[in-house]
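*Asks:* First, the structure itself, so that you have it in front of you.
The values are calculated or read from the model by the stated rules, or taken from the named source; none is laboratory data. Note that this is a predicted model, so its numbers are computed, not measured. Methodologically, a virtual Cβ is constructed for each residue, glycine included, from the backbone with ideal geometry; neighbour enumeration extends over all protein chains shown.
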Amino acid sequence: PFCSCSSIPLFIGFTSAGIPLGVTFSFLISSPMVDLGSLVLLMSIFGLKIAVIYVIFGLIVAVIGGLIIENLHLEGEVEDFIYDHVGKLTQVTSLTIKDRIAYAGQQVVSTFTKVFPYILVGVGIGAFIHNWIPEHFIVTLLGSHNPFGVILATIVGVPMYADIFGTIPIAEALLSKGALLGVVLSFMMAVTTLSLPSLVMLRKAIKPKLLGIFVGICSVGIIAVGYVFNMLAPLIL
């Protein structure tokens, strides 16, 4: 149960520990997009069937995204400071519990000082967008049967920053305005997975090529899920 920004320090820690890159990216995609809390809330709005399908599709996007990144062998596109810790792990096994705690504390401070400036920038961008892009603008833009609504919803969702709980009120408003189911769910996925503040933070940990591939995989997956939901809507609503 993490938002996209809070998932990034965990992503850095997992990668530093030597966990394969595809695995860590699967976590980075699935963590903000699907969790138990979101399942319960989605059930309250859309019903059990849609909530379960949403979670399944979210996990499929995460798994496929991780597999693609794993097979592209992009380890060289991770910033050097993350992999600098991997060589030190062999020393950790011979440390006492007290030494391990001290070592962990050092790594926390080191990671925090590197990422913190980007956290400030990301949160600042998110706060600005939250206050200056009113909800009624989003509802007006997406609350229609536009055939390109799924793509538009994904694009609109990227600059915003919220966890999946924060998107629920907008999702309800969009549904009441007649937005298609796939449009609403694509918007929720884009906001929670590809928010601009989280991308700013993620850029500190990975290089532009890998960041672009990550955004591309998530965008294509979210758009595909949106159109699939639009097709399935008559059967599951």
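*Asks:* Can you tell me how many residues in segment 61-75 are part of a helix (DSSP H, G or I) and without any contact (Cβ under 8 Å) to a residue 60 or more places away in the chain?
*Replies:* The first filter runs over segment 61-75 and keeps only residues part of a helix (DSSP H, G or I), leaving 61-72, 75.
So of that shortlist, the ones also without any contact (Cβ under 8 Å) to a residue 60 or more places away in the chain come out as 62-63, 66-67, 70-71, 75.
The total comes to 7.
*Asks:* Among the residues of segment 201-212, what is the count of those that are surrounded by fewer than 23 Cβ atoms within 10 Å (Cβ to Cβ) and either among the acidic types (Asp, Glu) or assigned to a helix (DSSP H, G or I) (or both)?
*Replies:* Taking segment 201-212 first, the residues surrounded by fewer than 23 Cβ atoms within 10 Å (Cβ to Cβ) are 203-204, 207-212.
Restricting the remaining residues to those that are either among the acidic types (Asp, Glu) or assigned to a helix (DSSP H, G or I) (or both) gives 203-204, 208-212.
Final tally of qualifying residues: 7.
*Asks:* Suppose we keep only residues that are assigned to a helix (DSSP H, G or I), among the hydrophobic types (A, V, I, L, M, F, W, C) and within 12 Å of the chain's Cα centre (by Cα) within segment 164-197. Which one would you say is farthest from Ala224 (Cα to Cα)?
*Replies:* Ranking the qualifying residues of segment 164-197, first place goes to Leu196.
*Asks:* Report, by residue number, each residue of segment 32-60 that is crowded, with 16+ Cβ neighbours inside 10 Å and outside any helix (DSSP H, G or I).
*Replies:* Val34, Asp35
*Asks:* Return yes when Ile29 is within 17 Å of Val225 (Cβ to Cβ), in a helix (DSSP H, G or I), of a type outside the set (Lys, Arg) and out of contact with any Ser or Thr (no Cβ under 9 Å at 6 or more places or on another chain) and no when it is not.
*Replies:* Spelling it out, it is not the case that Ile29 is within 17 Å of Val225 (Cβ to Cβ), in a helix (DSSP H, G or I), of a type outside the set (Lys, Arg) and out of contact with any Ser or Thr (no Cβ under 9 Å at 6 or more places or on another chain).
*Asks:* Here's something else I'd like to know. Between a residue in segment 3-31 that is on the phi > 0 side of the Ramachandran plot and any residue that is of a type outside the set (A, V, I, L, M), which pairs come within a Cβ distance under 9 Å, given they are 6 or more apart or on different chains?
*Replies:* Close Cβ pairs (under 9 Å, with a partner that is of a type outside the set (A, V, I, L, M)) amount to Gly18/Tyr83; Gly18/His85.
*Asks:* Would you mention how many residues in segment 94-125 are of a type in the set (S, T, N, Q), modelled with pLDDT of 70 or more and either closer than 17 Å to Phe81 by Cα or touching a Phe, Trp or Tyr at 6+ places or on another chain (Cβ under 9 Å) (or both)? Quick ask: steps written out before the conclusion?
*Replies:* First pass over segment 94-125, keeping only residues of a type in the set (S, T, N, Q): 94, 96, 106-107, 110-111, 113.
So of that shortlist, the ones also modelled with pLDDT of 70 or more come out as 96, 106-107, 110, 113.
In the following step, the residues that additionally are either closer than 17 Å to Phe81 by Cα or touching a Phe, Trp or Tyr at 6+ places or on another chain (Cβ under 9 Å) (or both) were identified as 106-107, 110, 113.
The total comes to 4.
*Asks:* Here are the criteria: (1) closer than 23 Å to Val158 by Cβ; (2) touching a Phe, Trp or Tyr at 6+ places or on another chain (Cβ under 8 Å); (3) crowded, with 18+ Cβ neighbours inside 10 Å. Tell me which single one Leu10 does not satisfy.
*Replies:* Single failed check for Leu10: (3).
*Asks:* So, one more: Using the structure shown, decide if Phe128 is loosely packed, with under 12 Cβ neighbours inside 10 Å, modelled with pLDDT under 80 and not polar (S, T, N, Q). I'd like the intermediate steps shown before the answer.
*Replies:* On the way: loosely packed, with under 12 Cβ neighbours inside 10 Å: no; modelled with pLDDT under 80: yes; not polar (S, T, N, Q): yes.
Here the answer is no, as Phe128 does not meet what is asked.
*Asks:* Continuing with the same structure: Checking Gly58 against (1) closer than 23 Å to Val109 by Cα; (2) in contact with a helix residue (DSSP H, G or I) (Cβ under 7 Å, 6 or more places away or on another chain); (3) among the small types (Gly, Ala, Ser), which single condition isn't satisfied?
*Replies:* (1)
*Asks:* Regarding segment 35-44, can at least one residue be identified that is within 23 Å of Ile206 (Cα to Cα), in contact (Cβ under 8 Å) with a residue 24 or more places away in the chain and of a type in the set (A, V, I, L, M, F, W, C)? It would help to see each step written out before you state the result.
*Replies:* Within segment 35-44, the first condition is being within 23 Å of Ile206 (Cα to Cα), and the residues that meet it are none.
No: zero hits.
*Asks:* Now a separate question. Report, by residue number, each residue of segment 198-228 that is of a type outside the set (A, V, I, L, M) and touching a Ser or Thr at 6+ places or on another chain (Cβ under 8 Å). Break it down into steps so the answer makes sense when it comes.
*Replies:* At the first step, the residues of segment 198-228 found to be of a type outside the set (A, V, I, L, M) are 198, 203-204, 207-209, 212, 214, 216, 218-219, 221, 226-227.
Ser198, Cys218, Ser219, Gly226 - these are the residues of segment 198-228 that are of a type outside the set (A, V, I, L, M) and touching a Ser or Thr at 6+ places or on another chain (Cβ under 8 Å).
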